[in-house]
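This report refers to the structure that appears directly beneath it.
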Amino acid sequence: MFDPGTLPRVFAVPPGTDFPKALVDGLRRRSSGPPEALARVQLVVNTRRMARRVRHLFDQGPPCLLPRLSLVTDLAESVDLAQIPPAIPSLRRRLELTQLISKLLEQQPDLAARSSLFDLSDSLAALIDEMQGEGVSPDAIRQLDVSDMSGHWARAQAFIGIADHFTDSGAEAMDAQARQRRVVENLITRWQVAPPQHPVILAGSTGSRGTTLMLMRAVAQLPQGALVLPGYDFDQPDDVWNGLDDALTSEDHPQYRFRKLMRELDLSPDQIVPWTDDQAPSPARNRLVSLALRPAPITDAWMTEGPLLTDLGDATKDLTLVEAQSPRAEALAIALRLRQAAETGQTAALITPDRMLTRQVSAALDRWNIMPDDSAGLPLQLSLPGRFLRHVAALFARRLDGEALLTLLKHPLCHDGGERGEHLLHTRDLELDLRRHGPPFPDQDTLTAFAIRKDVPEAWVNWVITHFCDQQITGERPLTEWVERLRHLSEALSAGGSDEAGTLWDKNAGQKAQAVLASLQDEALHGGPMTAHDFADLLGALLAGEEVRDRDAPHPHIMIWGTLEARVQGADLLILGGLNEGSWPEAPTPDPWLNRRMRDNAGLLLPERRIGLSAHDFQQAIGAPEVWLTRATRSDDAETVPSRWLNRLTNLLHGLPGQGGRDALSDMRARGQQWLSWSETLEHAPRLEPAHRPSPRPPVAARPRRLTVTEIKRLIRDPYAIYAKHVLRLKPLDPMVQAPDALLRGIVIHEILEHFIKDSVLDSALLTRENFLKRAHSLLEDHVAWPTARKLWLARLERIADDFLNAEITRRGDGGPVAFEAAMKLVLTPLDFTIAGRADRIDRNSWGSLRIIDYKTGAPPTESQQAKFDKQLLIEAAIAEQGGIDGLDPMTVAEAVFIGMGGTYKEVAAPLVKEPTDKVLAELKELISSYLEPDQGFSSRRMLHKDTDFSDYDHLARFGEWDRTAETLPEDLT
């Protein structure tokens with residue numbers, strides 16, 4: 001196939017060319033001998049995607065014998081190398097590293113947070129893989145000079161010493177990278193003794209990893225060996241190639257890896273020849289991009305070489321630049337172009353590492369029922385089985401609360417057998433019961449009580465109790481036990497109460513999740529003991545590392561690719577999306593073990609390696625026949641920075657006005673703006689008039705005839721809330737996630753005071769600080785499920801206990817309590833309207849008059865507020881004097897007082913002198929009668945204390961479309 005020669009054979013394909021297609025075309029043209037000549041060729045490619053594409057291209061014809069196709073990572077499958085044992089699973093190594101790092105964090109907690117345990121184990125495993133792949137020994141790490149660096153790097157360097165154990169563990173326990181390097185070394189040794197005489201071609205690799213570079217060097221020197229490089233810049237001058245020798249300054253250049261290969265093979269740039277005679281889709285564009293991507297130190301070449309670019313119009317005629325105002329606008333413009341491609345039969349692909357952008361584009365395409373073929377799929381942790389397993393694992397780590405219980409009960413994979421409908425019905429009843437009655441942490445007793453109240457089947461409730469209650473486990477357990485518990489409980493929850501297995505392990509996602517659990521179970525002996533939290537974190541990390549594709553019939557011509565897929569695929573239109581710094585290229589991953597200088601001194605890869613690979617991907621993709629370059633000029637919260645490559649390209653064009661560069665750039669932007677305008681038109685919505693401030697006037701017969709004392713304040717401040725509650729009969733749904741809020745605190749404090757005062761009435765010797773705090777502690781334990789809230793509220797009571805007791809002793813000197821939670825009711829004549837309520841406490845003084853007391857856990861209302869709005873005590877005093885309190889005759893009210901039990905103890909008396917009871921009753925009747933008039937509307941937010949105050953019915957009144965300055969719009973209802 002190749003003529004004999006003394007130089008290593010290195011061929012290349014220019015950027016923009018469909019590499020697999022060019023590779024196959026070149027093979028066909030060079031195999032001019034008998035039909036079996038092509039079958040003697042050993043073709044080695046670097047990815048399975050490449051192998052599939054090459055095989056697919058051969059299958060398209062004409063018929064021929066296929067070459068022997070293999071992967072770089074599968075070279076050990078040959079008979080001569082079969083003595084090398086298989087690599088140990090990567091999960092086993094990860095579990096072993098996790099144990100070691102866990103011990104490190106226990107000894108040095110300042111090194112990192114415990115939550116970063118698995119991230120650290122991943123990064124250390126990657127470092128060990130890199131050391132093995134690059135042939136760097138632990139001695140090279142130990143010999144690094146860290147004397148002038150921070151103590152962190154010294155500690156990290158010492159801890160990397162555990163790599164000795166893994167890199168020198170012998171042939172029976174080699175990692176995948178160590179085994180691959182051993183395979184390549186053995187293969188090279190064998191070739192030195194008996195080099196193969198048949199053609200051996202290694203295609204598609206850039207030699208970015210040490211082991212691969214070593215193999216490429218060996219293949220290129222075989223008698224019939226050859227390399228075929230993708231995306232080689234034939235337009236780059238020799239002086240630029242020679243300036244790419246320093247990794248610290250050139251690692252991020254797209255052609256750096258090829259320069260490194262040239263040095264290894266002692267080749268000059270002109271000795272790398274084209275694989276085929278076919279031209280790139282746009283040679284003029286390749287020349288433009290080559291100049292734009294010159295290394296930063298020599299961009300002064302733009303001044304001398306830029307004027308030589310005389311074909312900028314031809315280079316940019318198929319380039320479109322979309323600079324959208326937001327990520328949403330960018331996604332919609334891309335979706336419109338993909339839709340056009342689908343209608344015209346054009347093959348189009350979006351290439352971006354930004355997964356948020358791909359999700360937005362997919363959502364936009366959904367309006368036209370176009371489902372793109374997304375190569376990345378869905379992260380397994382976000383699939384139905386992935387979410388289900390993570391929720392189940394969380395049961396072991398924390399106390400069962402209502403949210404966790406209902407999240408699992410409602411999950412599509414929970415109890416998904418034949419009685420799924422009845423299960424959901426019972427779950428709905430349980431949710432409403434938990435919202436209304438609680439408790440925040442359901443247990444066996446509360447679930448049993450629920451079953452009795454709602455007449456729920458005993459079998460279903462017992463199933464819930466058995467599988468959800470008492471699952472929290474403290475302390476450490478072996479990983480084998482955690483995996484077994486997770487599998488058993490997950491399958492039981494999926495099956496429900498039936499004997500049949502659920503659908504947890506069905507479909508692609510279920511099978512992938514089952515495989516993850518199976519591999520974890522196989523390697524669990526190497527994981528050691530861990531806590532429930534650590535196990536949940538480990539499971540989440542393992543699921544996050546897998547992806548699953550479970551799509552139905554995606555569109556055959558619309559694809560979404562990552563940069564890896566784009567290297568081996570071809571399309572008529574390529575859309576390079578998300579071209580912003582931090583997205584493309586992505587920011588280098590932080591390395592907690594070695595800094596940049598230490599990596600270079602040790603012979604490891606620099607962080608800029610990934611940027612260089614991304615730059616190479618960009619240079620290849622932008623050379624395609626038709627290309628879109630898109631970015632959002634602003635993210636959700638800040639201005640964005642354009643990708644360095646896009647920035648260089650636009651700057652170069654802008655600096656070449658004499659060659660038409662500015663006109664070309666303007667045309668690129670104009671084409672993009674046209675699509676942005678269309679997307680804005682698509683998103684345009686007619687303006688809707690904002691809602692008016694409501695003031696409904698329902699029929700008098702439908703208006704309430706009974707209110708509580710505390711609702712009078714709401715009638716004054718927000719009449720619309722009274723209308724919504726009593727006329728529409730709407731009640732706010734209680735929150736699912738219960739919290740120790742002000743309402744619960746008020747209830748508990750009231751009960752503490754009531755029990756304490758009742759006890760001390762019978763025995764005044766109990767009126768002590770010790771008994772008060774003892775009673776508070778007991779009731780807080782009974783009613784407050786949150787330990788932190790219990791301690792905080794008890795501390796507040798301790799702070800005000802002395803003031804409260806001193807005031808209580810003073811009150812006892814002038815009478816004492818005669819009623820607690822006393823019911824009261826008064827019918828207003830002739831309105832036929834009832835005012836009802838309940839007084840926290842009523843005392844009788846030494847003169848036979850009453851003292852009404854109301855406890856407040858917040859700030860008590862001032863006298864001025866009571867006179868105008870908060871008339872609770874004033875109305876209760878009027879009812880008492882009218883004989884409306886159960887069990888008490890009409891009596892004079894000498895005093896009514898709010899007792900504040902908040903951060904400080906405070907008493908605020910009602911202004912009974914300024915607001916006598918007859919005046920209060922008259923004003924109350926006037927207020928009620930006005931709202932019984934047909935022309936009186938229930939206005940929203942009539943007199944709220946602050947604009948920031950909220951009502952449970954603000955959303956119903958569409959507050960926000962109007963504000964307090966808006967006039968009300970009365971509306972008669974029938």
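The values are calculated or read from the model by the stated rules, or taken from the named source; none is laboratory data. No experiment lies behind these values; they were computed from the predicted model shown. Positions of Cβ are generated from backbone atoms using ideal geometry, with glycine treated the same way; all protein chains shown enter the neighbour counts.
Taking the condition closer than 23 Å to T358 by Cα, touching a residue at least 24 places away in the same chain (Cβ under 8 Å) and not in a loop (DSSP other than H, G, I, E, B), does L649 pass? Explain how you work it out, then say what you get.
Numbers: closer than 23 Å to T358 by Cα: no; touching a residue at least 24 places away in the same chain (Cβ under 8 Å): yes; not in a loop (DSSP other than H, G, I, E, B): yes.
So L649 fails the test.
The condition (being surrounded by 19 or more Cβ atoms within 10 Å (Cβ to Cβ), part of a helix (DSSP H, G or I) and either out of contact with any Leu (no Cβ under 6 Å at 6 or more places or on another chain) or charged (D, E, K, R) (or both)) is satisfied by just one residue among G16, G26: G26. Among residues of the stretch 581-604 being part of a loop (DSSP other than H, G, I, E, B) and more than 30 Å from the chain's Cα centre (by Cα), the one that is farthest from R669 (Cα to Cα) is G603. For the residues E343, E323, the requirement of being under 19 Å from E581 (Cα atoms), at pLDDT 90 or above and either among the charged types (D, E, K, R) or touching a Ser or Thr at 6+ places or on another chain (Cβ under 9 Å) (or both) singles out E323.
Here are some conditions: (1) on the phi > 0 side of the Ramachandran plot; (2) touching a residue at least 60 places away in the same chain (Cβ under 8 Å); (3) small (G, A, S). G815 meets all but one. Which one does it not meet? That leaves (2) as the condition not met.
State whether one or more residues within the stretch 740-749 are more than 30 Å from L973 (Cα to Cα), surrounded by 17 or more Cβ atoms within 10 Å (Cβ to Cβ) and either small (G, A, S) or assigned by TED's automatic domain parsing to the domain that holds F441 (or both). Working first, answer last.
Pass one, the stretch 740-749, residues more than 30 Å from L973 (Cα to Cα): 740-749.
Subsequent filtering for residues that are surrounded by 17 or more Cβ atoms within 10 Å (Cβ to Cβ) retains 740, 744-745, 748-749.
Now restrict to residues that are either small (G, A, S) or assigned by TED's automatic domain parsing to the domain that holds F441 (or both): none.
Within the stretch 740-749, not a single residue is more than 30 Å from L973 (Cα to Cα), surrounded by 17 or more Cβ atoms within 10 Å (Cβ to Cβ) and either small (G, A, S) or assigned by TED's automatic domain parsing to the domain that holds F441 (or both).
Filtered by the rule that a residue be touching a Cys at 6+ places or on another chain (Cβ under 7 Å) and either within 21 Å of F118 (Cα to Cα) or polar (S, T, N, Q) (or both), the stretch 485-533 gives a lone residue, S494. Determine whether the stretch 242-251 contains at least one residue that is in contact (Cβ under 8 Å) with a residue 24 or more places away in the chain and polar (S, T, N, Q). Yes; the residues of the stretch 242-251 include at least one that is in contact (Cβ under 8 Å) with a residue 24 or more places away in the chain and polar (S, T, N, Q). For the stretch 249-258, what are the residues that are in contact with a helix residue (DSSP H, G or I) (Cβ under 6 Å, 6 or more places away or on another chain) and in a helix (DSSP H, G or I)? Listed by number, the residues that qualify are S250, Y256. Quick one: how many residues across the stretch 708-723 are buried (at least 20 other Cβ atoms within 10 Å of the Cβ) and either among the aromatic types (F, W, Y) or farther than 17 Å from R941 by Cα (or both)? Here the count works out to 3.
Residues are listed down the side, and each one gets a yes or a no for (1) over 31 Å from the mean Cα position of the chain (by Cα); (2) in contact (Cβ under 8 Å) with a residue 40 or more places away in the chain:
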{"position": "A621", "(1), (2)": "no, yes"}
{"position": "L629", "(1), (2)": "no, yes"}
{"position": "A638", "(1), (2)": "no, no"}
{"position": "G655", "(1), (2)": "yes, yes"}
{"position": "R662", "(1), (2)": "yes, no"}
{"position": "S666", "(1), (2)": "yes, no"}
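Exactly one residue out of P442, P353, P412 is outside the structural domain of R631 (by TED's automatic domain parsing), surrounded by fewer than 20 Cβ atoms within 10 Å (Cβ to Cβ) and in a loop (DSSP other than H, G, I, E, B): that is P412. Pairs linking a residue in the stretch 419-437 that is over 15 Å from L447 (Cβ atoms) to a residue that is of a type in the set (A, V, I, L, M, F, W, C) and outside any loop (DSSP other than H, G, I, E, B), with Cβ atoms under 8 Å and 6 or more positions apart or on different chains, are E422/W460. Helices (runs of 4 or more DSSP H) fully within the stretch 36-143 that include at least 2 residues being surrounded by 17 or more Cβ atoms within 10 Å (Cβ to Cβ), among the aliphatic types (A, V, I, L, M) and in contact (Cβ under 8 Å) with a residue 60 or more places away in the chain: 90-107, 117-134.
Residues in the stretch 454-497 that are farther than 26 Å from E523 by Cβ, part of a helix (DSSP H, G or I) and without any contact (Cβ under 8 Å) to a residue 12 or more places away in the chain: E458, N462, T466.
Applying the criterion of being touching a strand residue (DSSP E or B) at 6+ places or on another chain (Cβ under 8 Å) and over 26 Å from A615 (Cα atoms) to the residues of the stretch 333-350, the residue that is surrounded by the most Cβ atoms within 10 Å (Cβ to Cβ) is A341.
Determine if the stretch 470-485 includes at least one residue that is acidic (D, E), out of contact with any Phe, Trp or Tyr (no Cβ under 9 Å at 6 or more places or on another chain) and within 21 Å of S383 (Cα to Cα).
Restricting attention to the stretch 470-485, the residues satisfying the condition of being acidic (D, E) are 470, 476, 481, 484.
Going one step further and asking which of them are out of contact with any Phe, Trp or Tyr (no Cβ under 9 Å at 6 or more places or on another chain), we end up with 470, 476, 481, 484.
Now restrict to residues that are within 21 Å of S383 (Cα to Cα): none.
Checked against the condition, which is being acidic (D, E), out of contact with any Phe, Trp or Tyr (no Cβ under 9 Å at 6 or more places or on another chain) and within 21 Å of S383 (Cα to Cα), the stretch 470-485 yields no hits at all.
For the stretch 536-573, a residue qualifies if it is surrounded by fewer than 20 Cβ atoms within 10 Å (Cβ to Cβ), within 17 Å of M371 (Cα to Cα) and over 22 Å from the mean Cα position of the chain (by Cα), and the qualifying residues are D552, A553, P554, H555, P556.
Return yes when R599 is out of contact with any Ser or Thr (no Cβ under 9 Å at 6 or more places or on another chain) and not assigned by TED's automatic domain parsing to the domain that holds H56 and no when it is not.
Details: out of contact with any Ser or Thr (no Cβ under 9 Å at 6 or more places or on another chain): yes; not assigned by TED's automatic domain parsing to the domain that holds H56: yes.
Taking the combined requirement at face value, the residue satisfies it.
Within the stretch 624-639, the set of residues being crowded, with 24+ Cβ neighbours inside 10 Å and within 10 Å of D318 (Cα to Cα) comprises A624, W628.
Which one of A176, A158 is among the hydrophobic types (A, V, I, L, M, F, W, C), at pLDDT 75 or above, farther than 25 Å from R9 by Cα and within 37 Å of the chain's Cα centre (by Cα)? Residue meeting the stated conditions: A176.
Matching residues to (1) farther than 30 Å from P607 by Cβ; (2) free of Cβ contacts under 8 Å to residues at least 12 places away in the same chain; (3) among the acidic types (D, E):
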site: A518; (1), (2), (3): yes, yes, no
site: D534; (1), (2), (3): no, no, yes
site: H557; (1), (2), (3): yes, no, no
site: Q569; (1), (2), (3): no, no, no
site: E581; (1), (2), (3): no, no, yes
site: W584; (1), (2), (3): no, no, no
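Can you give me the ranges of the helices (runs of 4 or more DSSP H) entirely in the stretch 689-791 with at least 3 residues that are under 26 Å from K868 (Cα atoms)? Explain how you work it out, then say what you get.
On the way: elements: 709-717, 719-722, 742-762, 769-783.
Those helices (runs of 4 or more DSSP H) span 709-717, 719-722, 742-762.
Within the stretch 221-280, restricting attention to residues that are in contact with a strand residue (DSSP E or B) (Cβ under 6 Å, 6 or more places away or on another chain) and of a type in the set (G, A, S), the residue that is farthest from S205 (Cα to Cα) is G225.
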